[in-house]
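Colleague: Sharing a structure here in structure tokens format.
The values are calculated or read from the model by the stated rules, or taken from the named source; none is laboratory data. Because the structure is predicted, anything quoted here is derived from the model rather than measured. Here the Cβ is made from the backbone with ideal geometry for all residues, glycine too, and neighbour counts use every protein chain on show.
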Amino acid sequence: MKPERIISFPHLGDYYIPIKFLLNKLTKLKVIESPPITKKTIELGSKYSPDFVCVPFKYNLGNFIETLENGANVLIQAGGGCRYGYYSEVQEKILKDLGYHFEFYTLVNSNRITPRSFYQTLKKIDPKISTFKMIYYSFLTILMIRYMDNIDDFIRKNIGFETKKNSFLDLKKEMLDSYTKCKGYLSLTKRYFYYKKRFKQLEINKPKDCLKVGIIGELYTSMEPFSSYFLEKELASMNIEIKRFTNVSYLLYQKSLQRRKNLRYIEKYCKYTIGADGMDNIYRAKYLIDQGYDGIIHIKPFGCTPEIGAIPIIRKVCQDGKMPIIYFSFDSQTSETGIKTRLEAFYDMLQIRKG
Amino acid sequence: MNKITIGIPKALLYYKYKDLWISFFENLGCEIIISPNTNKQILEDGIKFSMDESCLAMKIYMGHVYYLIDKCDYILVPRLKCIKKHEKLCTNFSALYDLIHNVFDKNLIHYNLDVDKKEDELYAFTTMGLSLGFSYRKIISAYKEAKEKEKLLNERRISKQKSLIASSNKIKILLAGHPYNLYDEYIGKQIERILEKSNIDIIYSDNYDQKYLETEVKQIAPHNYWTYNKEIIASIVHYQDVVDGIILVTSFPCGPDSLSNEMILRSVKIPITNLVMDEADANTGLLTRVESFIDILEERRKQK
């Protein structure tokens with residue numbers, strides 16, 4: 001008899017919840033998520049990774065190794081984007097060379113995520129999936145991701161000013177638990193509005209002229225809190241309102257819709273797109289300046305090529321707009337204290353500027 | 001009317017398209033200034049004007065642009081997004097135009113290639129020629145002539161290398177990497193000089209007939225989508241039976257290479273070494289590594 005097929009995937013912030021939800025609804029396979037990211041994950045990942053590959057590769061590889069140790073034997077990698085699209089082949093090769101036995105599926109093998117390629121890959125994983133079910137639950141998951149992102153935006157704005165400690169995070173946990181139990185569009189939407197109301201009722205103590213900071217930069221470090229050493233948490237503890245653009249719903253559909261509009265907004269600086277999120281980040285820098293934010297934090301993994309191409313332009317945009325900006329480059333061995341010190345200095349500077 | 005002078009930085013894609021670009025502008029009757037080989041001054045200028053995390057080839061490019069800045073009317077800075085359908089290039093090439101434009105604020109020529117959006121080479125050359133004020137007919141005939149010349153020179157190089165492989169009995173090493181790394185004074189030439197001193201025949205990965213590219217790439221990396229990396233992989237597959245060893249030349253920290261080199265290193269069966277070059281001046285470490293690699297190859301020869 002064939003061993004039981006257990007499916008697993010790498011981490012990306014809280015998005016393991018909708019992905020797990022989707023896979024549970026669609027396939028008959030057992031779904032386990034990778035163990036939460038720890039120092040050990042990144043150590044394992046960097047041990048077997050190429051030298052100067054970007055950090056997300058190392059995190060993903062660490063996730064895969066840990067989940068394979070836990071018994072998974074079907075792995076999924078997303079793909080698409082700059083270097084990210086080629087992760088899967090190299091990771092598969094590295095893991096096979098390490099002696100693991102597993103099936104490996106990439107959602108996007110060529111450049112773009114298309115519904116068709118998504119469909120074909122899911123069919124390969126489990127040929128018994130019905131097409132109707134797939135469409136129904138895929139859109140439900142996208143909706144769930146969108147609701148999650150909306151709430152996250154609200155949390156980021158207000159979490160720095162909560163009066164009762166951890167009230168936001170506790171409620172968020174409760175909300176995510178409840179999302180996984182939903183059955184259809186109506187019950188999901190009901191839950192969303194219920195929790196939205198409850199979030200608004202949470203007590204906050206927010207001054208009118210609080211510091212507002214925008215986070216721009218590469219997508220993985222933006223969305224996976226561990227890889228940016230909980231930068232957002234740190235900012236929240238300094239009583240700062242945070243605005244972050246990158247989330248999965250942005251990548252899934254907003255990005256391609258906004259491309260032309262964004263490019264026109266920054267035509268003074270940019271004639272073409274830069275690849276991955278490069279052009280988007282230049283747009284965001286300009287947008288944050290025009291909206292009167294107090295500072296910008298740019299984060300990326302070490303050696304992220306699209307961002308390196310964009311940074312000189314972002315620098316010029318910020319010079320023209322007289323906007324303070326700080327750049328963080330994360331690697332597997334970045335020291336947490338160093339980041340904290342720089343962040344505190346940046347915070348002091350912003351406060352002095354504000355007067 | 002004064003002749004238009006066009007500056008071409010001798011870095012990055014210059015090594016790939018030099019025949020095409022130079023003969024195109026010559027056919028149009030423009031004057032061309034090409035920056036000199038990379039020297040210490042150019043490298044230092046380049047480092048000054050670029051991010052410390054960008055790759056060595058990119059830093060060198062910035063230095064070359066800076067050298068040309070007050071010596072010509074226009075600088076040719078290509079913007080290449082995609083040169084084959086459904087394939088990609090390193091994002092540095094698509095950022096290059098806007099990057100240079102923002103850092104130096106100089107007249108650049110619009111040269112934009114994006115095959116996925118139906119902007120092919122002919123289109124790029126036409127818009128470039130039109131922006132300089134030439135007529136359609138002149139541009140198209142100049143382009144066609146230049147293209148033929150490029151093809152001819154390329155074939156000549158390939159056949160020269162073929163005859164070298166067939167005739168010589170010395171140890172042969174395949175120098176594999178992007179052309180802008182292989183032929184740059186500060187990257188590939190350093191290795192080349194050491195190899196020449198040791199009396200070794202050098203085979204270059206870019207002198208390669210792309211007839212069977214797809215099937216050859218499939219042997220190592222079926223899903224690779226970087227056009228230039230595919231060419232390197234294919235040439236390694238093509239030449240691995242006729243050479244004694246392979247040296248992979250990479251500039252630190254090249255994005256696409258970091259992944260595609262891993263695939264190559266894990267799949268190739270003959271001796272292979274990966275030399276990662278950065279802006280550090282001392283080349284003693286390089287010398288040691290190349291010499292020990294040559295020793296290995298010589299021992300292997302003796303044992304056969």
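Colleague: Do any strands (runs of 3 or more DSSP E) lying entirely in segment B:191-287 carry at least 1 residues that are out of contact with any helix residue (DSSP H, G or I) (no Cβ under 8 Å at 6 or more places or on another chain) and within 12 Å of chain A (Cβ to nearest Cβ), and which ones are they? Break it down stepwise before answering.
Modeller: Details: elements: B:201-204, B:245-251, B:272-277.
Answer list for segment B:191-287: B:272-277.
Colleague: Separate question: Pairs please, first residue from segment A:169-189 and under 14 Å from A:I155 (Cα atoms), second anywhere and assigned to a helix (DSSP H, G or I), Cβ atoms under 6 Å, 6+ apart in sequence or on different chains.
Modeller: A:M175/A:Y195; A:L176/A:I17
Colleague: Another one. Quick check: anything in segment B:261-273 more than 28 Å from A:Q91 (Cα to Cα) and charged (D, E, K, R)?
Modeller: no
Colleague: Return yes when B:E262 is surrounded by fewer than 24 Cβ atoms within 10 Å (Cβ to Cβ), closer than 19 Å to B:K85 by Cα and of a type outside the set (V, I, T) and no when it is not.
Modeller: Numbers: surrounded by fewer than 24 Cβ atoms within 10 Å (Cβ to Cβ): yes; closer than 19 Å to B:K85 by Cα: no; of a type outside the set (V, I, T): yes.
When the stated conditions are applied, B:E262 does not pass them.
Colleague: Same structure again: B:I69 passes all but one of (1) away from chain A (no Cβ under 14 Å); (2) within 22 Å of B:Y183 (Cβ to Cβ); (3) of a type in the set (V, I, T); which number fails?
Modeller: Every condition holds for B:I69 apart from (2).
Colleague: Pairs only if they're at least six apart or on different chains, beta carbon under 7 angstrom, first in segment A:77-96 and on the phi < 0 side of the Ramachandran plot, second of a type in the set (V, I, T); list them, first residue then second.
Modeller: Every condition considered, the pairs that remain are A:Q77/A:T106; A:A78/A:V108; A:C82/A:T305; A:C82/B:T91; A:G85/A:V108; A:S88/A:T106.
Colleague: Let me confirm something: among A:I325, A:I314, A:I308, which residue is at the interface with chain B (Cβ under 9 Å from one of its Cβ atoms) and under 23 Å from the mean Cα position of the chain (by Cα)? Quick ask: steps written out before the conclusion?
Modeller: Working: A:I325 fails: at the interface with chain B (Cβ under 9 Å from one of its Cβ atoms); A:I314 fails: at the interface with chain B (Cβ under 9 Å from one of its Cβ atoms).
Selected residue: A:I308, the only one of A:I325, A:I314, A:I308 that is at the interface with chain B (Cβ under 9 Å from one of its Cβ atoms) and under 23 Å from the mean Cα position of the chain (by Cα).
Colleague: Moving on to the next point. Out of the residues in segment B:110-122 that are more than 12 Å from every other protein chain (Cβ to nearest Cβ) and touching a Leu at 6+ places or on another chain (Cβ under 8 Å), state the one that is nearest to B:D70 (Cα to Cα).
Modeller: Selected residue: B:E121.
Colleague: Taking segment B:49-66 as the region of interest, how many residues are within 13 Å of chain A (Cβ to nearest Cβ) and either among the aliphatic types (A, V, I, L, M) or at positive phi (or both)?
Modeller: 6
Colleague: So which residues in segment B:203-233 are hydrophobic (A, V, I, L, M, F, W, C) and farther than 25 Å from B:R289 by Cα?
Modeller: B:L213, B:V217, B:I220, B:A221, B:W226
Colleague: Take the residues of segment A:33-54 that are in contact with a Gly (Cβ under 6 Å, 6 or more places away or on another chain) and within 14 Å of chain B (Cβ to nearest Cβ): which is surrounded by the fewest Cβ atoms within 10 Å (Cβ to Cβ)?
Modeller: My answer is A:F52.
Colleague: Output the qualifying pairs, or none if there are none: Cβ atoms under 6 angstrom, residues six or more apart or on different chains, first residue in segment B:48-72 and closer than 14 Å to A:A310 by Cα, second residue among the charged types (D, E, K, R).
Modeller: What qualifies is B:S50/B:K59.
Colleague: Determine whether segment A:331-354 contains at least one residue that is of a type in the set (A, V, I, L, M, F, W, C) and within 12 Å of chain B (Cβ to nearest Cβ).
Modeller: Checking segment A:331-354: not a single residue is of a type in the set (A, V, I, L, M, F, W, C) and within 12 Å of chain B (Cβ to nearest Cβ).
Colleague: Still on this structure: Please count how many residues of segment A:141-187 are aliphatic (A, V, I, L, M), over 16 Å from the mean Cα position of the chain (by Cα) and surrounded by 19 or more Cβ atoms within 10 Å (Cβ to Cβ).
Modeller: Residues meeting the conditions: 2.
Matching residues to (1) touching a strand residue (DSSP E or B) at 6+ places or on another chain (Cβ under 7 Å); (2) within 12 Å of chain B (Cβ to nearest Cβ):
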residue	(1), (2)
A:Y84	no, yes
A:I94	no, yes
A:D97	no, yes
A:P115	no, no
A:T121	yes, no
A:S130	no, no
A:K133	no, no
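Colleague: Additional query: Failed condition for A:L98, given (1) within 19 Å of B:E262 (Cβ to Cβ); (2) modelled with pLDDT under 90; (3) over 20 Å from the mean Cα position of the chain (by Cα), with all others met?
Modeller: (2)
Colleague: Ok, one more. Among B:S251, B:S267, which is the only one that is among the polar types (S, T, N, Q) and within 17 Å of the chain's Cα centre (by Cα)?
Modeller: Numbers: B:S267 fails: within 17 Å of the chain's Cα centre (by Cα).
Exactly one of B:S251, B:S267 is among the polar types (S, T, N, Q) and within 17 Å of the chain's Cα centre (by Cα), namely B:S251.
Colleague: Counting just the residues of segment A:210-227 that are touching a helix residue (DSSP H, G or I) at 6+ places or on another chain (Cβ under 6 Å) and within 20 Å of A:N158 (Cα to Cα), which one comes out surrounded by the fewest Cβ atoms within 10 Å (Cβ to Cβ)?
Modeller: Of all residues in segment A:210-227, those touching a helix residue (DSSP H, G or I) at 6+ places or on another chain (Cβ under 6 Å) come to A:211, A:214, A:216, A:218, A:220-221, A:227.
Subsequent filtering for residues that are within 20 Å of A:N158 (Cα to Cα) retains A:211, A:214, A:216.
Values: A:L211: 20, A:G214: 23, A:I216: 27.
So, considering only residues that are touching a helix residue (DSSP H, G or I) at 6+ places or on another chain (Cβ under 6 Å) and within 20 Å of A:N158 (Cα to Cα), the one surrounded by the fewest Cβ atoms within 10 Å (Cβ to Cβ) is A:L211.
Colleague: Could you please tell me which pairs satisfy a Cβ distance under 7 Å, a separation of 6+ or placement on different chains, a first residue in segment B:263-284 that is more than 30 Å from B:Q219 (Cβ to Cβ), and a second residue that is among the aliphatic types (A, V, I, L, M) and loosely packed, with under 14 Cβ neighbours inside 10 Å?
Modeller: none
Colleague: Select from segment A:191-209 the residues that are under 15 Å from A:N150 (Cβ atoms) and either surrounded by 10 or more Cβ atoms within 10 Å (Cβ to Cβ) or of a type in the set (S, T, Y) (or both) and list them in ascending order.
Modeller: Selection gives A:R191, A:Y192, A:F193, A:Y194, A:Y195, A:K196, A:R198, A:F199, A:K200.
Colleague: Related question: Hey, B:C90 hits all of (1) within 15 Å of the chain's Cα centre (by Cα); (2) more than 14 Å from chain A (Cβ to nearest Cβ) but one; which does it fall short on?
Modeller: Among (1) within 15 Å of the chain's Cα centre (by Cα); (2) more than 14 Å from chain A (Cβ to nearest Cβ), B:C90 violates only (2).
Colleague: Same structure, new question: Using the structure shown, decide if B:K85 is free of Cβ contacts under 8 Å to residues at least 60 places away in the same chain, within 22 Å of B:I33 (Cα to Cα), in a loop (DSSP other than H, G, I, E, B) and of a type outside the set (S, T, N, Q).
Modeller: no
Colleague: Also: Do the conditions hold for A:F57, that is, is it surrounded by fewer than 20 Cβ atoms within 10 Å (Cβ to Cβ) and within 14 Å of another protein chain (Cβ to nearest Cβ)?
Modeller: In short, no.
Colleague: Applying the selection to segment A:268-306, what residues are crowded, with 24+ Cβ neighbours inside 10 Å, modelled with pLDDT under 90 and within 19 Å of A:L343 (Cβ to Cβ)?
Modeller: Hits for segment A:268-306 are A:K300, A:P301.
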